[in-house]
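The values are calculated or read from the model by the stated rules, or taken from the named source; none is laboratory data. Just so it is clear, the structure is predicted and the values come from calculations on it, not from any experiment. Here the Cβ is made from the backbone with ideal geometry for all residues, glycine too, and neighbour counts use every protein chain on show. Note: areas computed on protein heavy atoms with side chains; ligands, DNA, RNA excluded. Shrake-Rupley method; radii C 1.70, N 1.55, O 1.52, S 1.80 Å.
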Amino acid sequence: MSYVTRFAPSPTGPLHLGHAYSAILAHDRARERGGRFLLRIEDIDRQRSKPAWEQQIYEDLTWLGLTWDGPVMRQSDRLDRYRDALQELWSRGQLFACSCSRRDIETASSAPHEGEPPMGPDGVIYPGTCRGTCPEEMPDQVALRLDMTKAAPDLSESVGDIVLSRKDFLGSYHLCAVLDDADQSISEVVRGEDLQPATQIHLVLQRLLGLPTPSYWHHRLIRDDAGKRLAKRDDARSIATYRAEGATPDEVRSMVGL
Ligand code: GLU
């Protein structure tokens, strides 16, 4: 099977050194193997995604010397695909509609534990409040959760009923990522070790939706001087800033240990 990997940034802020590391690793692996390196813009969250950030992704990657194969996939173009998959899971009774607010979830979840509510890969583990309320038609404008007690009972306590579609936009990171990886024929996903907990969810979704499972390589994270991992919401120095200050792409490679 030929090697295909991808870089899948969200256009919700500037790319930083951690993104550069991930993109360069995936790109170089594809090139070394004579495979393909694909680009996917994860812009499913329409409120946080901005065209200017998407444009900057193209500019940063190009400046780094990375080239991608074929057309760019954009999640905002694929809503029908996500809706069909949700419909399929809904008609099999694997989903339920959930109208709980974040606060409802925290309150219900901390009560039996007296103290901090238990946390899973997506935050507080859903206490199951709305589970079992399933009208025949799949509703709109409401969150849809996977009933983990049916989908993968062994994960129901440690992961819980994860959100597969949000009230304010169709789909969720987990659902869209597995469908996109399958439709882009990804053979190896290269991403940070912070996403390791998400991968167990992706394996469940692939099984439920009859999708192939790629191999996964979770790489180390790039940290700041204090050892904290870089994030868009912090003051992580962006690639654009290094570029504006006259750094070269090779210097960026060596900053991340490549
Ligand atoms: N859009 C996700 C991010 O920027 C991608 C995660 C993935 O590679 O699956 O973190």
- Note on the structure: Conditions (1) in contact with a Ser or Thr (Cβ under 6 Å, 6 or more places away or on another chain); (2) open to solvent by less than 40 Å² (accessible area, probe 1.4 Å) -> Ser109 fails only (1)
- Item | Pairs, first more than 19 Å from Pro139 (Cα to Cα) in region 68-94, second in a loop (DSSP other than H, G, I, E, B) and among the aliphatic types (A, V, I, L, M), C-beta under 7 Å, six or more apart | Gln75/Ile44; Ser76/Ile44
- Item | Elements of type strands (runs of 3 or more DSSP E) contained in region 1-100, each with 2 or more residues being more than 16 Å from the ligand (Cβ to nearest atom) and at pLDDT 95 or above | 95-98
